[in-house]
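Working notes, structure below.
Throughout, read-outs are computed from the coordinates displayed, never taken from laboratory work. What you are looking at is a predicted structure, and each value in this text was computed from that prediction instead of being measured. Methodologically, a virtual Cβ is constructed for each residue, glycine included, from the backbone with ideal geometry; neighbour enumeration extends over all protein chains shown.
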Protein chains: 4
Amino acid sequence: MVSHCTFALEFKVRDYECDIQGIVNNAVYQNYLEHTRHEYLCELGLDFAELHNQGIDLVVARLSMSFKTPLKSGDRFLSCLNVKKEGIKYIFDQKIYRLPDKKQCISAEVTAVAVINGKLGEAKHVSDAMERYKQT
Amino acid sequence: MVSHCTFALEFKVRDYECDIQGIVNNAVYQNYLEHTRHEYLCELGLDFAELHNQGIDLVVARLSMSFKTPLKSGDRFLSCLNVKKEGIKYIFDQKIYRLPDKKQCISAEVTAVAVINGKLGEAKHVSDAMERYKQT
Amino acid sequence: MVSHCTFALEFKVRDYECDIQGIVNNAVYQNYLEHTRHEYLCELGLDFAELHNQGIDLVVARLSMSFKTPLKSGDRFLSCLNVKKEGIKYIFDQKIYRLPDKKQCISAEVTAVAVINGKLGEAKHVSDAMERYKQT
Amino acid sequence: MVSHCTFALEFKVRDYECDIQGIVNNAVYQNYLEHTRHEYLCELGLDFAELHNQGIDLVVARLSMSFKTPLKSGDRFLSCLNVKKEGIKYIFDQKIYRLPDKKQCISAEVTAVAVINGKLGEAKHVSDAMERYKQT
């Protein structure tokens, strides 16, 4: 079952993402998770590259992933995201489900923080945008 | 202008594909071009990974690319493909256009051949499927 | 301080591994960690690709990473590995230190298991080789 | 035979660079070629990322590659580079040879130009450094 999520994005595996074992290479899931977070920012009206140019870098401080079912060449999947705030940390709960059978492939928790002009801080307009989005 | 093409696929740049210069890294265009060719095979009812398991490897023998306009974070683009046969070679004419302004980013010519059980050959059903697709 | 480790490998950052923020992209650290584990297997006289051909796939079941100091263009670093066995799991303790100042960049714990002809199991000769290597 | 070259760098294939076919993915060769050029710049006392920060971007305008022998998991190889100037273009002649048998894997010609504060131009100190290096 795909549980309720704040934001979801559909992908299709690309063959160059698969390795010798014929399955998506582990590191590529981090790419999928990152792209999902950045598209979520987009949805909030924010832009990762633009934030960087303004001196605001959203960086990953910690990440854990469980690999459950490998994705293969040709697979479609749904990448789902929920987020909560804990102090200045953004805790992303991210899951990937194969389509159409919705089998869970990956479960991940990603802790991100804002580095503002080189110092840990809170990007207030980012936090506010996340809050507003949840309420819609 | 986007000239007529046999097959086209829309993409969006992912931030991890961009490098220090803030633009899509050159090598990533090869990924885009490959994914376009493999999706084209899909459209023909063929499957790159499945062909490999049958002992038929479609491999790139030669490639040339001209880099015209760099893609950036957030850009959408169209990847267009035409193909013609020359003996046992498949010559792919591939172009990438930024959206929505259709400015040309990349022009490429990719020569692929079939290696069948380790030997250069013609994958007849691949050639036939390409021919049929053109006529539709 | 670089603590004692079973196996260590030196790398240099390649520019294509860096992203818009001018630092190594998070997902690339998984590449570094994987390459370190595979080179460690090599050192044991084992070969990841060869194992796959024999029906033995070493797969990552779980992974956690803490990102401490980002690596940048031009940085050299040391990737260190320790491993212990827990039942049929191999628990890799992996750390990356920037050179020459030995500042810690990444700390990771990677849990791998063997899938033998499609089933979880123990690859006895892999376990034995790890044990022998520790004692040398 | 490895013909005389201005600059050469030794690599080892990393397993995550290999794809479903068990060989290095075509796009990865572009990574190898880029890293070789950037290490060559290093050898000249220049730094790609630093040049970018100074407003000087060395960009690839055109590239052609012939794929001769595929590299596989575990292979070591030598990446060789020669360069000549034609007007404001730098023409890199790059070849990759498998080790230890020196079988040629890739032959490439890469045309790069300097974009200085957004405009095509000549990065005089880059050209001079290349010239001096040849004479040593």
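Can you show me the helix-derived [θ] at 222 nm for chain A, built from DSSP H runs with n ≥ 4 at -39,500 (n - 2.57) apiece and divided by the number of residues, rounded to the nearest 500. When only DSSP H runs of four or more count, the value is -8000 deg cm²/dmol. Note on chain B: GNM, Cα springs under 10 Å; of B:98, B:76, B:62, the largest mean-square fluctuation is that of B:62. Please state the shape class of the protein assembly as shown: rounded when a/c is under 1.5, otherwise prolate if a/b exceeds b/c and oblate if not, all from the C-alpha gyration tensor. Rounded is the answer for the protein assembly as shown, as its axis ratio a/c remains below 1.5.
For the pair residue C:102 and residue A:68, label points projected 7 Å from Cα toward Cβ lie 4.2 nm apart. Direction-averaged projected area, Cα convex hull, chain A: 8.6 nm², rounded to one decimal. Counting only Cβ charges, +1 for Lys and Arg and -1 for Asp and Glu, the dipole size of chain B around its Cα centre is about 420 debye. By the Cβ distance rule (another cysteine Cβ under 4.7 Å), the unpaired cysteines of chain C are C:18, C:42, C:105. The fraction of Cα-Cα pairs per 10 angstrom bin, counted from 0 for segment D:54-103, comes to 19, 42, 26, 13, 0 percent, rounded to whole percents. Shown for A:60, D:126: other C-beta atoms within 10 Å of each C-beta, ranked fewest to most, produce the order D:126, A:60. A dipole drawn for chain A from +1 and -1 charges on Cβ atoms has a positive end, and of A:136, A:106, A:32 the residue lying farthest that way is A:106. Each residue, residue A:109 and residue A:93, gets one label point 7 Å from its Cα in the Cβ direction; the gap between the two is 1.0 nm. GNM remark for chain C: springs join alpha carbons under 10 Å apart, and the peak mean-square fluctuation among C:104, C:21, C:94 falls on C:21. Note on C:49-55: average number of Cβ atoms from other chains within 10 Å of each residue's Cβ is 3. The separation of segment A:96-136 from segment D:1-43, counted between C-alpha centres, amounts to 36 Å. Shielding by partners for peptide C:70-76, expressed as the average number of C-beta atoms from other protein chains within 10 Å of each residue's C-beta, is 3.
Placing a label point 7 Å from Cα along the Cα-to-Cβ axis, residue D:134 is separated from the same position in the other copies by 4.4, 5.8, 6.3 nm, shortest listed first.
The angle separating the long axis of helix B:124-135 from the principal Cα axis of greatest extent in chain B is about 60 degrees. So what's the angle, to the nearest 10 degrees on a 0 to 90 scale, between helix C:26-43 and the longest Cα principal axis of chain C? Between helix and principal axis, roughly 50 degrees. Averaged over the residues of peptide A:10-18, the number of Cβ atoms from other protein chains lying within 10 Å of each residue's Cβ is 6.
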